[in-house]
Amino acid sequence: MNIGKPGMRRFDPETAAIVVELQQMLFDFGHEIDANQGRNITAFYAEDGVWELGDRHLAGDAAIRDFYTDHYARIAREQKDGQRQLLHAFVNVRVSVAEDRRHATLDFFNLNFSAEGARPIEAAPIAPNMIVECRMECRREPDGAWRITRFAGTPQFVGGESVAARLLGRAG
């Protein structure tokens, strides 16, 4: 529940605690992808969760898990040293909590930096491969955990790398 003038967001203590939980979940979600290759990504999704990026649509645990498994298997086969370094930086995070306090929406931008090969990556200039406007719809589950029911990303800027094209379901 937001309290205050339009444009000036204030939260009561219970809503503020929910906002902190959801922000931490978002950062843990990014860490799971960057540090663990998304091996446990479905832990962040509700069983009926949906993942959308551009025209690409995945529904349910199996489809989301298979996407990450296939993506990283392709990296192991095709990328320099069988590796790709990733960094998902989430900025301009805005959390809206529904009045029932069981549903919430996170709106943010994902600045996706990635390059093939082992660390350290030497590149100049360093810039995101893709900037994506994201919406993450979440639900508090019976076990008390927040889980993603829908992740939707709309690319705003896309670099020329073939990996970005594949993520969007384009040839490359």
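A few points about this structure:
- Unique residue being surrounded by 13 or more Cβ atoms within 10 Å (Cβ to Cβ), among the charged types (D, E, K, R) and either within 16 Å of the chain's Cα centre (by Cα) or closer than 19 Å to R39 by Cα (or both) when the list is R65, R77, R94: R65
- Test: R119 is at pLDDT 95 or above and surrounded by fewer than 16 Cβ atoms within 10 Å (Cβ to Cβ): no
- One residue stands out among those in the stretch 99-116 that are surrounded by fewer than 15 Cβ atoms within 10 Å (Cβ to Cβ) and of a type outside the set (D, E): the one that is nearest to the chain's Cα centre (by Cα), which is R102.
- First in the stretch 149-170 and farther than 18 Å from A73 by Cα, second anywhere and among the hydroxyl-bearing types (S, T, Y) and at pLDDT 95 or above, Cβ under 9 Å, 6 or more apart: T149/Y45; F151/Y45
- Residue within the stretch 83-104 that is in a loop (DSSP other than H, G, I, E, B) and touching a Pro at 6+ places or on another chain (Cβ under 9 Å) present: no
- Any hit, the stretch 63-72, residues being under 24 Å from D143 (Cα atoms), among the hydrophobic types (A, V, I, L, M, F, W, C) and in a strand (DSSP E or B): no
- Total residues in the stretch 132-172, condition among the hydrophobic types (A, V, I, L, M, F, W, C), at pLDDT 60 or above and either in contact with a His (Cβ under 7 Å, 6 or more places away or on another chain) or not in a loop (DSSP other than H, G, I, E, B) (or both): 11
The values are calculated or read from the model by the stated rules, or taken from the named source; none is laboratory data. The structure displayed is predicted, hence computed values, not measured ones. Note that each Cβ is placed from the backbone with ideal geometry, even for glycine, and that neighbours are counted across all protein chains shown.
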